[in-house]
Amino acid sequence: MMYGQVLHHQGREEDLVNLNVGGIQHKVERCVLLRFPNTRVGQLIQCCSDAAILELCDDYSPAEQEYYFDRSPQVFHCVLNFYRTGHFHALEELCVFCFSQEIEYWGIGELDLEACCLDWFLERKHDREQNACGRSSNATSSGEISVVGSDLWRFEGTWCSDVRKFMWQTLEDPNHSKCSKGVAMLSVLVILTSIVAMCIHSMPEFRYATDSEHSVLDSLELICNIFFSVEFVLRVAAAPRPWTFLGNPLNMIDMASVLPFYVTLAFESLDEGDGDGEENQSLVNMGKVVQVLRLMRAFRVLKLARHSEGVRAFGETLKNCQSEVGLLILFITVGISFFSTFIYYTEKEDASSKLSSIPVCWWWAIISMTTVGYGDVYPQTAAGRIVATLCILCGLLVVSLPITIIMNNFSKYFEKNTDKRRLSVAKT
């Protein structure tokens, strides 16, 4: 005789309800099940027809008056204990999603759990949901190490599948082979070289030098852009789904780092081709556009995200902490508006104070709440210093609270990416 068969045989036979859950029989008094009439079993024993009964259970034997359920017997022991004692506890050894689905089937809510089980159950469920969300966004997530393995099957039956598969693995997975590691190291070297060249080009002695002195930097810039262009074209050609290639944020960064170079060349060629006169006046605006496009070369710094676990983990953290980041911005905005107004009205009577308007006070409030302040603008009166002290203390609290959550998520995603890289190395 099984465990469920020896429970609650007290009372008259006609007052007992026969339940068969996952092959385990239970005899439970009708009055016990009616304690919670809105649950599945509570509604079942109130049904007056076989059709209504079969809507709530998997099978029913009128001769034996037995109800059959093809559900988990482990979870039903918790459900049965809930009917008898009124206290609902969870099983730690079961999957939280499986347990949640089972109790939903029986018409019991998660909030019916006792306090000793509710906290860890909801926390564990939230963690699993976050992990599941991260796995489901592998194909487009900027925080993932690589989605090469999940896309290899897409090359089957396509043109030049073997060549494209090799190119894809070489460009996307640094752990695939020594060749892919060499390509990754070369890419990082070129990125760093282009950043250094961009920084040197901004120095006054190089910015206003002659064309002959610019030749080395210009040649270096040209080589870097050719490398980025070839790399981008090869990625597009080798991609298993070229039409969704730009859906990946890293690929969008690659395009944004290459496109300004060619647009700038087009504008400069127009500038050289046109003659003097009124047409040259319109080229002044083109020159401003060119300067803006040159600023977009800063996107090359973001190309390091393809080769840096920390940068990818940071991007993934921001993506999954949008509510926390929004809350941080909201708190800082409210604090800036509040303290800038206060400091203005406490300092406006002092002629020596530089806090002469609320917009000026915005700058003071920003640097006071988020940093230690620059010292260019500061309060002169005693009341203003009190307000400044409160502003600094408020800034510490406002910034530290959401930052803790963001840092915890960053650590989690960084460890997850590190583990995936270790598994990828182990498989190779």
Subject >> Cα-based Kirkwood hydrodynamic radius, the range 13-137, one decimal, Å >> reply: 15.6
Original post:
Using alpha carbon centroids, what distance separates the range 45-88 and the range 393-415, in Å?
Top reply: 48
Original post:
If you roll a 1.4 Å probe over the range 311-414 with all protein chains in place, what percent of the accessible area is carbon or sulfur?
Top reply: 73
**OP:** With only Lys, Arg, Asp and Glu charged, each at its Cβ (+1 for the first two, -1 for the last two), find how big the charge dipole of the range 311-414 is about the Cα centre; round to the nearest 20 debye.
**Re:** 280
Original post:
Rolling a 1.4 angstrom probe over the protein heavy atoms, how many square angstrom per residue are accessible across the range 66-131?
Top reply: 51
Original post:
Taking Cα centroids, how far is the range 182-207 from the range 20-42 in Å?
Top reply: 73
Subject >> Relative counts (whole %) of C-alpha pair distances in the range 311-414, using bins that are 10 Å wide >> reply: 16, 40, 23, 15, 6, 0
Original post:
Using Cα pairs under 8 angstrom and six or more residues apart, how large is the relative contact order of the range 321-419, in percent?
Top reply: 33
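The values are calculated or read from the model by the stated rules, or taken from the named source; none is laboratory data. Everything quoted here is computed from the prediction, not taken from an experiment. Cβ: placed from backbone, ideal geometry, glycine included. Neighbour counts: every protein chain shown. Just the protein is used for accessible areas: all its heavy atoms, side chains included, with ligands, DNA and RNA removed. Shrake-Rupley method; radii C 1.70, N 1.55, O 1.52, S 1.80 Å.
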